[in-house]
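Here, each number is a calculation from the coordinates, and none is a lab measurement. It should be emphasised that the depicted structure is a prediction, and the values quoted were computed from it without experimental measurement. In this analysis, Cβ positions are derived from the backbone assuming ideal geometry, glycine residues included, and neighbour counts consider all displayed protein chains.
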There are 2 protein chains.
Amino acid sequence: MAASLVANGNIAAVKPSVTGRFASVYSEVQNSRLDHALPLPSVLKNPFKVVDGPASSAAGHPEEIEKLFPCLFGQPSAMLVPGDSGEFKSGPSLKIGVVLSGGQAPGGHNVISGIFDYLQDHCKGSTLYGFRGGPAGIMKCKYVILTSEYVYPYRNQGGFDMICSGRDKIETPEQFKQAEETALKLDLDGLVVIGGDDSNTNACLLAENFRSKNLKTRVLGCPKTIDGDLKSKEVPISFGFDTACKIYAEMIGNVMIDARSTGKYYHFVRLMGRAASHITLECALQTHPNITLIGEEVAAKKQTLKNVTDYIADVICKRAELGYNYGVILIPEGLIDFIPEVQQLIAELNEILAHDTVDEAGLWKKKLTPPSLQLFDLLPPAIQEQLLLERDPHGNVQVAKIETEKMLIQMAETELEQRKQGGAYKAQFKGQSHFFGYEGRCGLPSNFDATYCYALGYGAGALLLSGKTGLISSVGNLAASVGEWTVGGTALTSLMDVERRHGKFKPVIKKAMVELDGAPFKKFASMREEWALKNRYFCPGPIQFVGPVSDQLSHTLLLELGAQA
Amino acid sequence: MAASLVANGNIAAVKPSVTGRFASVYSEVQNSRLDHALPLPSVLKNPFKVVDGPASSAAGHPEEIEKLFPCLFGQPSAMLVPGDSGEFKSGPSLKIGVVLSGGQAPGGHNVISGIFDYLQDHCKGSTLYGFRGGPAGIMKCKYVILTSEYVYPYRNQGGFDMICSGRDKIETPEQFKQAEETALKLDLDGLVVIGGDDSNTNACLLAENFRSKNLKTRVLGCPKTIDGDLKSKEVPISFGFDTACKIYAEMIGNVMIDARSTGKYYHFVRLMGRAASHITLECALQTHPNITLIGEEVAAKKQTLKNVTDYIADVICKRAELGYNYGVILIPEGLIDFIPEVQQLIAELNEILAHDTVDEAGLWKKKLTPPSLQLFDLLPPAIQEQLLLERDPHGNVQVAKIETEKMLIQMAETELEQRKQGGAYKAQFKGQSHFFGYEGRCGLPSNFDATYCYALGYGAGALLLSGKTGLISSVGNLAASVGEWTVGGTALTSLMDVERRHGKFKPVIKKAMVELDGAPFKKFASMREEWALKNRYFCPGPIQFVGPVSDQLSHTLLLELGAQA
């Protein structure tokens, strides 16, 4: 398939599809990104050698992790350092597979480009297999051979559509067997799994399995998720977080200016990120909203839904006294998962609804415990109905379907109405709801994500050539200029702990939650009162790809690296 | 208040508030825009004279318009042309007022900057009064004197927060009297009303009133609305449309890549624009969605809600046969206002609900006419409930509250389920809903809107100095380079027709609807079948402010100007 064609106007590249059934043309901005030059860390541009660190342990329960990963446990992390031997400057041709796993994140295509270019630059004659549709592609041996022509149109482009993704896992013995068969059939020297916490755990299990069977196939992971909850000392950030937050912050900033110009709406903005609230925190640091709810804080303070509502109403009342009857409120998608009483209510509802029908007279409600009944009665009628009626195929209440921002608008409205009657609030409250999610997962990668991903991929290529397995590609020192970035791999087992499920220990990479004593949260906490009342709205504007504003890092990353006061 | 302060990092300008009660600092992108140089049409950079065109008429019912505007009717439009006299190169100092009216649109601040700069450049010692909070500011004589320091931080920035806006109208004799008092009190030579169709009608009434009272105060209008429905031969586009559509198109493009990467969702995207579907059409031309609903076409074809649902289901079924179980669908906010049967149902419901209560048994339904009953029963239960329960203070059904995109998802779901049972559809349908609106009204103006607005304002200054009244600032020849843009003013009465309301003729500037035989719609119509099935997704990416991609015009404008095939 043709990789590029020059036609009239702004049509200059054809993006070949995975299936070949369609081709789409590019916008001018997409086109301009195709040939955007990506700087590499210096260590990757010159002869280097791979140096092992000390033996590693695990994030928790090392004895259990050792039992689960007898071949890999304890292996050191690896670091690329300048070396005059040039041993990895050129090597034999390799057969490498790559797979995208889980939800989209801007930059995935650049990881693949990085691996591809490493092989082209240093292992002439290599073959890169792109497994299609996620891990299922490995099991079914569904792949496409990635050529220069195939890869080019995806350089610096958003989405995962080069080879698409999937949410299957390689878990059962049969599935591991299928993966082995693919590795043998394609004679794979290595496999790179680009994914989140679960996918990287899976990558490590695969690495262990291949090693235990004496297969030559090495397996590396790569940290992907817009949620920013896959990180550690050596993996400073997952890719995609930077771009997604910038896209959401652009929208939030615009809504803020709108709120201030109109002067009569409270905008309740729900942001993607179910497990951890990093996205919401980062967007708050970028835009300075009046109210920001952080799930981890709500959980740590054991707050109730009433507490959260009161906090919102308090700020709204104080602002009304200052003459401001508008504002912007950020809410993490997973907020209600952090509220213990809501979890309790859901559990009781699931139990009751499994055995009883919901009678009109409300007799079923008597089976709720008093705190759950009280909470249920506090919920807006629309949410009550949603909980009772829209259940999943197993009959369970669908928490994910609750539009938290709308629920909070209704609860704030009720609370403010009561305060109005008591004379404590005199203004008029009008809420507008927003959900920013899908817009951010497939945007054109920011310069940071484009460069970071390329280095992650290029570094993964080097690690594969050096024979490493069971590592996650790690690029560090990110606050410095790209030339000074460090490149290496972190032992996946060192990131792991175990969880007991169905009586068995299962390895997990624990999600990195917002730490309440971490620099990003502390910065936010030190500013939020000022932001609540004084309207310090910050409007980041659209992501710029050229010019001095194009290379900014996220606040979260800078603060965690200690690079910003 | 300080206009700028240089602090550490990215803080370089303080935006003084209208009230002085708060100040917000700027992001790097906002800062970078402050000093963005704005090119002016050549005619404004050199000595020019104002040339009148032929006598004008009205858009309809000229005899009625003449009765309503005896002083202004028939006056010619004016054009600025090079002139060696330099008569308007410098003039006496003037006292000018400016007001923002109605909803926000990117670029409003630049119109004000343009007026301000014209006065600074050519009428030394002039005073520019910014009326605060819209037309109410005129009536209450609430204003701020716009100084260089005051205006600077708003240059090229989004929002209307420099002086804020409002939706009041100057309509009653008392209100006209108040406006007169303000004009006299401030000794105003002129007033510029920046607004949409209603606001410009109001501007003309004010001009007529001042003229009839022999006040010296001239009144000019300026075409503002993101909806793009205020335009004519001489006013090629309203400002803000360009930026808003580009912001929505960025998000739509991202969602498209997400849809293709995930392969399992239909994204239903509702877009702002209640009266006309220009925004939806422009976004379609920018992004190539699988389905686009244009209200004007639905109305012209007298389509029913069932027709619309069937069209959506047809495309989904055809795509399923091709293996595509994903897609993107654009829906104008005002869609259901274009469906005659829905209007009929709403009217009947309002009538019934005014007299009867809604009984559980559904007896009230018997009062609906058969077609309305059939339509009501077709609606998803959630929408039925919304119509019956959430009524406005007058008891009327709130059409504006219906989330059309969610309604269509539910209707498509039901239709596809039926087809599945009949064997005509075998895939699984999953809808995701989006509403893009507030994000687009206050974004940083695109280079086009920034430049266009500045010229509109600068040109308005020149027209005021030349003594013109009752004109709307008009900048044309927009497909050419900025230097070649034309500048002038169009007689507001020439844009007007009358509508009969409460037995009286009222002047109106008719909203410019999407024309089904216009170039933008025809282009769309010629492509939509291909877009429906072949996935020609186009991802415009974020607005860029520098580089070759930063000066693109909207497709609508280019096609209407005949500048693009």
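Check cross-link reach from B:Lys366 to the aspartates and glutamates: straight Cα distance under 18 Å, and skip same-chain residues fewer than eight apart.
B:Glu341, B:Glu348, B:Glu351, B:Asp356, B:Asp377, B:Glu385
Could you work out how far helix B:278-287 tilts from the main Cα principal axis of chain B, as a 0 to 90 degree angle to the nearest 10?
70
Return the lysines within reach of A:Lys506: Cα separation strictly under 22 angstrom, same-chain partners fewer than 8 residues apart disregarded; answer none if there are no such residues.
Cα-Cα hits under 22 Å: A:Lys67, A:Lys169, A:Lys177, A:Lys213, A:Lys224, A:Lys231.
Kindly provide log₁₀ I(q)/I(0) values, in the same order as q = 0.19, 0.23, 0.26 Å⁻¹, from the Debye equation applied to equal alpha-carbon scatterers of region A:347-413.
Listed by q, the Debye log ratios stand at -0.77, -1.10, -1.32.
So, with +1 on the Cβ of K and R and -1 on the Cβ of D and E, and no other charges, what is the size of the charge dipole of the protein assembly as shown about its Cα centre, to the nearest 20 debye?
Its charge dipole is roughly 660 debye.
In a Debye calculation with equal point scatterers on the alpha-carbon sites of region A:119-226 and no solvent, what is log10 I(q)/I(0) at q = 0.12, 0.13, 0.18, 0.22 Å⁻¹?
Here log10 of I(q) over I(0) equals -0.40, -0.48, -0.93, -1.36.
Let me understand the protein assembly as shown better: what is its radius of gyration from the alpha carbons, and its Dmax, in angstrom?
Just the Cα atoms of the protein assembly as shown yield Rg and Dmax of 31.0, 98 Å.
What does the convex hull of the alpha-carbon atoms of chain B project to on average, in nm²?
Its Cα hull, projected and averaged over all orientations, spans 28.8 nm².
With viscosity set to 1.002 mPa s and temperature to 20 °C, compute the Stokes-Einstein D of region B:474-538, Rh being the Kirkwood radius across alpha carbon pairs; µm²/s, no decimals.
So the translational diffusion coefficient is about 133 µm²/s.
So what's the projected area for region B:375-533, the Cα convex hull averaged over all directions, in nm²?
Taking a quarter of the hull surface, the average projection is 16.7 nm².
Roughly how large, in nm² to one decimal, is the mean projection of the convex hull of the alpha-carbon atoms in region B:501-549?
7.7
List the residue from chain B whose beta-carbon is nearest to the axis that rotates chain B onto chain A, together with that distance in whole Å.
B:Pro542, 2
List the lysines whose Cα sits under 24 Å from the Cα of A:Lys426, skipping any in the same chain fewer than 8 residues away.
A:Lys264, A:Lys306, A:Lys318, A:Lys406, A:Lys534, B:Lys140, B:Lys142
In degrees from 0 to 90, rounded to the nearest 10, what is the angle of the helix A:447-465 Cα long axis to the longest principal axis of chain A?
Computed tilt is about 40 degrees.
Mean residue ellipticity at 222 nm from the helices of the protein assembly as shown, using -39,500 (n - 2.57) per DSSP H segment of n ≥ 4 over the full residue count, to the nearest 500 deg cm²/dmol?
-12000 deg cm²/dmol
Could you work out how far helix A:241-262 tilts from the main Cα principal axis of chain A, as a 0 to 90 degree angle to the nearest 10?
30
Per residue, what volume in Å³ does the convex hull of the Cα atoms of region A:170-280 enclose?
Once divided by residue count, the hull of region A:170-280 is 126 Å³.
When DSSP beta bridges are limited to those with both residues in the protein assembly as shown, what percentage is antiparallel, rounded to the nearest 5?
So the antiparallel bridges amount to about 45 percent of the total.
Going by average Cβ neighbours within 10 Å, how do the peptides A:38-47, A:240-249, B:45-54 rank, with the highest at the top?
Going by the mean number of other Cβ atoms within 10 Å, highest first, we get A:240-249, A:38-47, B:45-54.
Just counting partner chain Cβ atoms within 10 Å, what average do the residues of peptide B:530-536 show around their Cβ?
2
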